[in-house]
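The values are calculated or read from the model by the stated rules, or taken from the named source; none is laboratory data. This structure is a prediction, so every number in the text was calculated from the model and none was measured. Cβ placement follows ideal geometry from the backbone for every residue including glycine, while neighbour counts extend to all protein chains displayed. Surface accessibility is based on the protein's heavy atoms, side chains included, excluding ligands, DNA and RNA. Shrake-Rupley method; radii C 1.70, N 1.55, O 1.52, S 1.80 Å.
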Amino acid sequence: MGQCVTKCKNPTSSLGSKSGDKESGSKSHHKKGSGGGGSHKEELSGPCSKATSELSNGTKALEVTVETPVIPALMGEPRKDEFLDADGLSLLRIDELFCCYKDELDDAILEEGMERFCNDLCVDPAEYRVLLLAWKFQAATMCKFTRKEFVDGCKAIQADSLKGIYSRFPCMLLDARGEENFKDLYRFTFQFGLDADEGQRSLQREIAIALWRLVFTQDTPSILERWLDFLGENTPGIRGISRDTWNMFLNFTQAIGPDLSNYSEDEAWPSLFDTFVEWELERRKKEEEQALMAKEDEGTCTDTESSPSTDRLETEGSRGSQTWGGH
């Protein structure tokens with residue numbers, strides 16, 4: 001996806017970053033983290049030191065040292081102003097973690113801060129786990145975590161540090177496999193992809209394609225790629241994807257078999273699905289005809305190469321008669 005769990009200016013590239021410039025993001029982060037009561041280097045033994053952690057592009061995650069505000073409780077020095085909730089989470093640590101990435105002018109984590117946040121978590125901004133995190137935080141807008149979303153989200157996953165958030169990813173991946181949870185994630189993804197500032201009510205086609213690929217990361221329907229090819233090849237007639245079309249596609253993948261034989265236009269499917277099924281069946285028919293023609297051509301060539309011509313047989317027979325007659 002494009003820009004940081006994002007605005008999707010380049011929807012196929014990232015969910016959490018505007019650019020790949022991790023170095024500049026790191027410098028900005030250090031600058032912000034230097035305020036308050038001093039700072040310390042927090043070695044993340046969880047997220048960034050795991051040699052087996054890989055990004056979606058196949059590269060290994062590097063060790064990262066993150067500069068965060070000093071929290072004496074981590075050093076064995078309890079703070080009087082530090083309050084732990086019923087789950088043992090430090091609300092102060094959550095707030096200070098948020099402040100490490102928040103925008104200087106807005107009380108929210110925006111595109112640049114989201115990129116640094118993903119980098120420090122050692123996750124690729126374009127990967128599925130970032131979408132899951134946005135889902136758990138119930139983020140209303142791509143590339144943005146408000147203070148309330150961030151704080152409530154950390155409470156929901158019971159984490160008050162980068163290491164804690166990273167350690168929750170396996171649980172998030174497992175949760176998303178549940179039928180009802182995935183349905184909730186799927187519907188969230190549509191709303192998440194809309195541009196709230198523009199008052200959008202349907203997804204741009206390119207963004208919808210990118211989000212469909214992303215949300216089906218763990219369990220990809222067999223018909224998905226053909227559906228996305230259809231959307232890509234019929235650009236003039238498809239400007240946007242409505243909420244109804246988005247929601248019904250999940251039902252389509254669950255109810256209709258890979259061969260599309262049980263699809264009926266008489267049922268209450270969106271008209272775009274009728275067009276897709278017609279397009280796909282026609283494509284398959286052409287493929288079968290081409291395969292049959294290729295097989296027939298191959299058979300003809302084989303017969304021609306293995307069988308001598310009639311003229312050749314007659315000539316050879318004549319020569320044989322003359323030879324025997326000469327004796």
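Structure summary
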| read-out | value |
| --- | --- |
| Cβ pairs under 7 Å, 6+ apart, first in the stretch 261-289 and without any contact (Cβ under 8 Å) to a residue 24 or more places away in the chain, second surrounded by 13 or more Cβ atoms within 10 Å (Cβ to Cβ) and of a type in the set (D, E, K, R) | E265/D274 |
| Every pair of residues 6+ apart whose Cβ atoms lie under 8 Å, when the first sits in the stretch 173-194 and is without any contact (Cβ under 8 Å) to a residue 24 or more places away in the chain while the second is part of a helix (DSSP H, G or I) and among the charged types (D, E, K, R) | N181/D175 |
| Residue in the stretch 260-270 that is modelled with pLDDT under 95, open to solvent by 30 Å² or more (accessible area, probe 1.4 Å), aliphatic (A, V, I, L, M) and closer than 22 Å to K183 by Cα present | yes |
| Selected residue (criterion: surrounded by the fewest Cβ atoms within 10 Å (Cβ to Cβ)) from residues of the stretch 97-113 that are touching a Phe, Trp or Tyr at 6+ places or on another chain (Cβ under 7 Å) and in a helix (DSSP H, G or I) | F98 |
| Qualifying residues in the stretch 235-247 (those that are closer than 18 Å to R213 by Cβ and at pLDDT 95 or above) - the one nearest to the chain's Cα centre (by Cα) | W246 |
| R177 being within 16 Å of the chain's Cα centre (by Cα) and open to solvent by 10 Å² or more (accessible area, probe 1.4 Å) | yes |
| Flag if G237 is surrounded by fewer than 11 Cβ atoms within 10 Å (Cβ to Cβ), over 30 Å from P170 (Cα atoms) and not polar (S, T, N, Q) | yes |
| Residues satisfying the stated conditions in the stretch 183-214, i.e. open to solvent by less than 10 Å² (accessible area, probe 1.4 Å), touching a Phe, Trp or Tyr at 6+ places or on another chain (Cβ under 6 Å) and either over 16 Å from S242 (Cβ atoms) or among the β-branched types (V, I, T) (or both) | L185 |
| Any chance Y128 is more than 25 Å from F182 (Cβ to Cβ) and either in contact (Cβ under 8 Å) with a residue 60 or more places away in the chain or open to solvent by less than 10 Å² (accessible area, probe 1.4 Å) (or both) | no |
| Of residues in the stretch 283-310 being modelled with pLDDT of 90 or more and open to solvent by less than 90 Å² (accessible area, probe 1.4 Å), the one nearest to G232 (Cα to Cα) | R283 |
| Matching residues, the stretch 114-138, being touching a Ser or Thr at 6+ places or on another chain (Cβ under 8 Å), at pLDDT 95 or above and not in a helix (DSSP H, G or I) | C122 |
